[in-house]
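Enquirer: There's a structure below that I have some questions on.
Taken together, the values in this text are just the output of simple stated rules run on the coordinates, not laboratory data. Computed from a prediction, not measured in an experiment: that's the story for all the values here. Neighbour counts run over all protein chains shown; Cβ positions are idealised from the backbone, glycine included.
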Amino acid sequence: MKNIITIGGSNSKNSINKVLAEYAGDLINNIELVKIDLNDFKLPMFSIDLENEQGFSKDLIRLNELFENADGFIVSLAEHNGSYSVAFKNAYDWLSRMEGKVWRDKPMLLLTAAPGARGGKTMLDIALDRFPYMGANIVGSLSFPFFNENFKGNEIVNLELKSELLNLVSVFEKNI
């Protein structure tokens, strides 16, 4: 059985990006879905000095093992001031110290969601540009605007967005 990781790139307890990533993952049948919550991994603020003094934490080693065992990733990134959230960037930086190709050339569905009209588009563009250098095999991407209006009752109510996500999930499924 395939092992797919979902990550909402935020440490918010009510992260809309976590909701979107897990929703997309739940659309795939016959897989084991590993829902990563960044709050479950206690990672100190990255510092080369800290790495040299203390090495890698048990939580980082555990997170890295999950990445290693994954067959693919569904990542939905929060946009904070036009870039990654601090929680995501910190985990990403630590993971890159253990394995330069953080995403291990495995298939990825890359998403962003936001309450505004651009739906995290700036963040999506940054990740689309940067992630392939870190081993991401991005097979599809989507910026999800006006999340609170387009996602209600645990369902996408905007038929165009729903159709687009279903198509992307289908492509992702074929690549895992």
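Enquirer: Hey, what do the phi angles of the stretch 154-170 turn into as Karplus ³J(HN,Hα) couplings, whole Hz, using 6.51/-1.76/1.60 and θ = phi - 60°, x for Gly and Pro?
Expert: Result, rounded to whole Hz: 6, 8, 7, 9, 7, 5, 5, 5, 4, 4, 5, 5, 4, 5, 5, 5, 4.
Enquirer: If you don't mind, another one. Which one, 87, 5, 21, is farthest towards the positive end of the dipole of the stretch 2-175 when Lys and Arg carry +1 and Asp and Glu -1 on their Cβ?
Expert: 21
Enquirer: On C-alpha positions alone, give me the angle between the axis of helix 121-130 and the longest principal axis of the chain, in degrees, nearest 10.
Expert: 50 degrees
Enquirer: Moving on to the next point. Take the Cα of residue 33, step 7 Å along the line toward its Cβ, and report every residue of the stretch 133-176 whose backbone nitrogen sits under 14 Å from that point.
Expert: Only 154-156, 166, 169-170, 173 fall inside the zone, counting backbone N under 14 Å.
Enquirer: Relative to the longest principal Cα axis of the chain, at what angle does helix 16-26 sit, 0 to 90 degrees, rounded to 10?
Expert: Relative to the chain, helix 16-26 is tipped by roughly 80 degrees.
Enquirer: Here's another thing I want to ask about it. Can you list the HN-Hα couplings for the stretch 30-42, worked out from phi with the Karplus curve (6.51, -1.76, 1.60; θ = phi - 60°), rounded to whole Hz and with x for Gly and Pro?
Expert: In residue order, the calculated couplings are 6, 9, 9, 9, 9, 8, 8, 10, 4, 5, 7, 10, 7 Hz.
Enquirer: Whole number please: convex hull volume per residue, Cα atoms of the stretch 1-80, in Å³.
Expert: 96 Å³
Enquirer: May I pose another question? If you fit an axis through the alpha-carbon atoms of helix 58-69 and take the longest principal axis of the Cα set of the chain, what angle between them do you get, 0 to 90°, nearest 10?
Expert: Relative to the chain, helix 58-69 is tipped by roughly 50 degrees.
Enquirer: In the chain, if the dipole is taken from +1 on Lys/Arg beta carbons and -1 on Asp/Glu beta carbons about the Cα centre, which of 175, 78, 116 is farthest to the positive end?
Expert: 116
Enquirer: Same structure, new question: Between residue 61 and residue 1, how many nm apart are label points set 7 Å from Cα along the C-beta direction?
Expert: According to this spin-label approximation, the distance is 2.7 nm.
Enquirer: A further question follows. Specify the longest stretch of the chain that does not include any exposed loop site, a site being one of the trypsin sites (Lys or Arg not before Pro) with a non-H, G, I, E, B DSSP assignment and at most 10 other Cβ atoms within 10 Å. Mind dumping the intermediate values first?
Expert: Working: sites that count: 13, 42.
Longest gap between qualifying sites, sites excluded: 43-176.
Enquirer: To continue, here is another question. Under unit Cβ charges (Lys, Arg +1; Asp, Glu -1), what dipole magnitude, rounded to 20 debye, does the chain have relative to its Cα centre? Could you put the intermediate results ahead of the total?
Expert: Values: 18 positive and 23 negative charges, 29 e Å.
The dipole of the chain has a size of about 140 debye.
Enquirer: Excluding same-chain residues fewer than 8 positions from residue 13, which lysines have a Cα within less than 19 Å of its Cα?
Expert: Correct list for residue 13: 35, 42, 89, 152.
Enquirer: Give the Debye-formula value of log10 I(q)/I(0) at each listed q (0.13 Å⁻¹), with one equal scatterer per alpha carbon of the chain, two decimals each.
Expert: -0.60
Enquirer: Shifting gears a bit: Taking the Cα centre as origin and putting +1 on Lys and Arg beta-carbons and -1 on Asp and Glu beta-carbons, what dipole magnitude results for the stretch 73-162, to the nearest 20 debye?
Expert: Rounded to the nearest 20 debye, it is 160 debye.
Enquirer: May I ask what percent, to the nearest 5, of DSSP beta bridges between residues of the chain are antiparallel?
Expert: 10 percent
Enquirer: What chymotrypsin sites (Phe, Trp or Tyr not before Pro) in the stretch 30-117 are in a loop by DSSP, with at most 12 other Cβ atoms within 10 Å of the Cβ? Show your work: numbers first, answer last.
Expert: Values: sites: 41, 46, 56, 67, 73, 84, 88, 92, 94, 103; in loops: 41, 46, 56, 84, 103.
Answer by residue number: there is no such site.
Enquirer: Return a whole-number percent for the relative contact order of the chain, with Cα pairs under 8 Å and 6 or more residues apart as the contact set.
Expert: For the chain, the relative contact order is 23 percent.
Enquirer: Output the antiparallel fraction of DSSP beta bridges having both residues in the stretch 77-156, as a percent to the nearest 5.
Expert: Looking only at bridges with both residues in the stretch 77-156, the antiparallel portion is about 25 percent.
Enquirer: Pick from 90, 150, 30: which is most flexible by mean-square fluctuation in a GNM of the chain where alpha carbon atoms under 10 Å apart are linked?
Expert: For the chain, modelled as a Gaussian network with Cα springs under 10 Å, the answer is 30.
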